[in-house]
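The values are calculated or read from the model by the stated rules, or taken from the named source; none is laboratory data. Owing to the predicted nature of the structure, the values given are computational and were not obtained by experimental measurement. A quick note on method: Cβ atoms are made from the backbone with ideal geometry, for glycine too, and the neighbour counts reach across all protein chains shown. Only protein heavy atoms, including side chains, enter the accessible area calculation; ligands, DNA and RNA are left aside. Shrake-Rupley method; radii C 1.70, N 1.55, O 1.52, S 1.80 Å.
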Amino acid sequence: SKNTIKKEFYHLVASKCSEEFKTQLWLQGVIEEVPFEFVTKIFLNKDTQTEKRISILCKLQSENQIELLKLYSIEYDFEKTFSLLEGLVKKENSLSYYFKLSESLFDADFWNNKKCNDLINLFNDYVTELV
């Protein structure tokens, strides 16, 4: 069938392409998985746009998200990392452009039933351990 041929074609392309293109195919949902080191390399690249970083975080499980955020905070700084988290929270919860993470960071009522709550707590714990 058409889907089987399409899937085989994508696997063939993925097996022959560069790390960056493989990661792009993964982000677009064309291939199912990509090695975490490829994702990390793209995520930490200084030329990677914020929206792409947020898209990468959206596709990962919590343990990989927190790992990338820790590496990002080491490479850049906590302020940029919280800004990235703010963008992720906005996207995942369809919040307005004017949402500020700093205003709701410790508001337990706000975080009820919100996506990224666990990630925010994990990253806050990480920052607290370092301080």
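In this label model, Lys6 and Cys58 are separated by 2.0 nm, measuring between points 7 Å along each Cα→Cβ vector. Gain on full extension, evaluated as 0.36 nm per residue between Phe36 and Lys16 minus their Cα-Cα distance, stands at 5.4 nm.
Shown for the chain: the carbon plus sulfur share of the solvent-accessible area, taken with all protein chains present and a 1.4 angstrom probe, equals 49%. Ordering Leu71, Ile42, Val30 by the projection of their Cα atoms onto the charge dipole of the chain, which places +1 on the Cβ of Lys and Arg and -1 on the Cβ of Asp and Glu, puts Val30 at the extreme positive end.
Once you reduce the stretch 35-62 and the stretch 1-19 to the center of their Cα atoms, the two points are 22 Å from each other. Multiplying the residue separation of Asp47 and Lys100 by 0.36 nm and subtracting their alpha-carbon distance yields 16.6 nm. Computed over every Cα-Cα pair of the stretch 4-73 and binned at 5 Å starting from 0, the pair-distance distribution P(r) comes out as 3, 16, 29, 23, 15, 9, 4, 1, 0 percent. When the Cα atoms of the stretch 49-122 are aligned to their principal axes, the ranges along those axes come out at 31, 23, 20 Å in descending order. Per residue, the stretch 50-95 exposes 50 Å² of solvent-accessible protein surface, assessed with a 1.4 angstrom probe and all protein chains in place. Taking every protein chain into account, the 1.4 Å probe leaves Glu75 with about 110 Å² of accessible area, to the nearest ten. Here, the chain yields an orientationally averaged convex hull projection of 9.5 nm² when only Cα atoms define the hull.
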